[in-house]
Amino acid sequence: MPRPTRRQALGAVIGVAASGALVGMAAASTETVAAEADSSGIAPGGTGAPGSFDEVFEGRRIQGTPAAARTDAHAHAGHAGHAGYRVLIDGRELPVMQHGKSGWSSTINHYERFATPLEAARTAVISLKGAVVVPFDPTA
Amino acid sequence: MTVRKNQANLTAPEKKAFVDAVLEVKRLGVYDEFVLAHRTRFSIDMNTGVYVGHFGPSFLPWHRKFLIDFENELQKIDASVSIPYWDWTADNTVGSSLWAPDFLGGTGRPLDDQVMDGPFAHSAGKWTINVSVDSRAFLARQLAYRVPSLPPRSDVDAALAMPTYDSPPFRDGSAGFRSALEGSAGYMSMHNRVHTWVWGHMETSVSPNDPVFWLHHAFVDKLWADWHALHPTSAEYLPAGGTTDVIDLNDTMPPWPNTTPQDMLDHTPFYTYA
Ligand SMILES: [Cu+2]
Ligand SMILES: [Cu+2]
């Protein structure tokens, strides 16, 4: 198998850099924190844009936050695949992606579609049965 | 000449030859390069929004090339080996011989979904998960756990009846055969549903860690060939050209430096299906 070219990998590198700032935020507390949005993970107002969540589900702390706006260098207008949403399970990032209108998936549940990142996070917890998500180099 | 057979028709020696070749490719470290390539493709696709490996028209030629490369590695070990295909519309129970200890092994134990029997059980010593997205070092499965059933033949026939390969916007859920077969047109259907039915590693972006990945995708690939035979006047692949952020017929498919969908339209120089 040939490795990806540098150009192909570039978008992924930038994506990871944008997420790095969030990785440390989970360690502060293991108690349940009130979600900033409603428990469905969908922001009020009916736009469909997911809000934040922070809860303990089956003993695992799961958090989700819309990522900060991307840099212009990464702003491919019209791509649904990198909507800029970060999910953590016990402080470790669970990569998620949005597939336009059909919903969200994650690296743990890559062949399903979820209405919200919260549902993707909960299903990952169910899937892992105590295992932890492990960061990886997305361009390796 | 490579002939891919229905796994249900393999003899015991044929099953053993396939398993032994897979284990040897794993021992050499080559198997994990394929797992890595799959994870990387998913990851880059999700970060760039250019869907090369999945969720777009090149899903089928990308995996056709991926299987050809893997089959070549198996044949370096044993020239008689080919990738069998799993017709999941027919062999659709957890009791199928596919999951027997002399072939792929069975479902995982409830505690952690760990596969406990067969050649790919961690305890057998030859199958450690090295390239992953989580901490499980053992192969994980839980058959029929998340969805109770595999796709019925009627779903396959409905997809095969579609005259168009793919259509704008050439994405998740666009109309046509590719999207219907991939399973993004409905909730947990077709190819996607099979991954989910097996569960464990097959549900993740490192799904090739489960050797059933190859048998599953060989059947998906066969269905693409079957579809073409049913629609000889339909374009075998779309889009033909000029589509932004979509792999067109003559665009190269990363990570390969010079393989296009066009190069993958005719599988018969590489293998045939029995
Ligand atoms: Cu794949
Ligand atoms: Cu697949």
Legend entry - Cut-off under 5 Å, modelled amide H: who pairs with A:HIS99 long-range: A:TRP104, A:SER105
Inset, instruction - Please go through the residue pairs B:LYS5/B:LYS65; A:LYS129/B:LYS222; B:LYS5/B:LYS126; A:LYS129/B:LYS65; A:LYS101/B:LYS5; A:LYS129/B:LYS26 and name each one whose alpha carbons sit more than 30 Å apart in this structure. - result: A:LYS129/B:LYS222; A:LYS129/B:LYS65; A:LYS101/B:LYS5
Legend entry - Degrees between helix B:59-77 axis and first principal axis of chain B (Cα, 0 to 90, nearest 10): 40
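Counting Lys +1, Arg +1, Asp -1, Glu -1, what net charge surrounds B:ASP263 among other residues with beta carbon under 10 Å of its beta carbon? Let's see the in-between values first.
Values: positive: B:ARG64, B:LYS65; negative: B:ASP266.
Net of charged neighbours comes to +1.
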Inset, instruction - Give me the accessible area buried between chains B and A, both sides summed, with a 1.4 Å probe, in Å² rounded to the nearest 100. - result: 3800
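Accessible area per residue of chain B at 1.4 Å probe, in Å²? Present the calculation step by step, with values, prior to reporting the outcome.
On the way: 9160 Å² over 274 residues.
That works out to 33 Å² per residue.
Could you grab the relative contact order for chain B? Cα pairs under 8 Å, six or more apart, rounded to a whole percent.
Values: 475 pairs, mean separation 66.1, N = 274.
Contact order relative to length: 24 percent.
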Inset, instruction - Report, to the nearest 10°, how far helix B:30-48 tilts away from the longest principal axis of the Cα atoms in chain B, using its own Cα long axis and a range of 0 to 90°. - result: 40
Legend entry - Sequence-distant residues sharing a close amide H with B:ASP134 (under 5 Å, placed H): A:VAL134
Legend entry - Net +/- balance of residues flanking B:HIS201 in space, Cβ distance below 12 Å, scoring K and R +1, D and E -1: -1
Inset, instruction - Could you state the angle between the C-alpha long axis of helix B:12-27 and the longest principal axis of the C-alpha atoms of chain B, as a value from 0 to 90 degrees rounded to the nearest 10? - result: 80
Legend entry - At R0 = 22 Å, FRET efficiency that the Cβ-Cβ distance of B:ASP112 and A:ALA140 yields, to 0.05: 0.25
Legend entry - Long-range HN-HN contacts of A:PHE57 with modeled amide H, under 5 Å: A:ILE62
Inset, instruction - Based solely on C-alpha atoms, express the radius of gyration and the Dmax of region B:3-273 in angstrom. - result: 17.6, 52
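The values are calculated or read from the model by the stated rules, or taken from the named source; none is laboratory data. Quick caveat, the model's predicted, so the values are computed rather than measured. We place every Cβ from the backbone using ideal geometry, glycine too, and count neighbours over all the protein chains shown. Surface areas here come from the heavy atoms of the whole protein model, side chains and all, with no ligands, DNA or RNA. Shrake-Rupley method; radii C 1.70, N 1.55, O 1.52, S 1.80 Å.
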